[in-house]
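Here the structure is laid out as structure tokens; the discussion comes afterwards.
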Amino acid sequence: MKNRKSVWLGGLSIFACGVCCSLPILGPLIGVAVLASLATWLESLAILLLGVGVVFFLLVRLRKKTTGAVCSTACNCNPKQIRVDQTTVG
């Protein structure tokens, strides 16, 4: 009976040692495989997001051109407003 326990414990120890020693090799291999599979999927997503970003940039630029430039920190930096203020004061 004691010999059977020793054999079972020895087998379990060998298995645990094998798992422990193979993890530093299998971990990076699995990680690289996952990153490679994600890269193919993310490439199409990146192209889509680039297109959305360009469209958003063009819409914001067109909106600024149509409304005119007004500073957001000081309300009196629009040239039209400055001229109106100077003519009414002066």
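A few remarks follow.
- Scanning segment 31-46 for residues being loosely packed, with under 10 Cβ neighbours inside 10 Å and among the β-branched types (Val, Ile, Thr) gives a total of 1.
- Which listed residue, of 16, 69, is at pLDDT below 85 and over 28 Å from the mean Cα position of the chain (by Cα): 69
The values are calculated or read from the model by the stated rules, or taken from the named source; none is laboratory data. These numbers come from a predicted model, not from an experiment. Cβ coordinates were reconstructed from backbone atoms using ideal geometry, including for glycine residues, and neighbour counts include every protein chain displayed.
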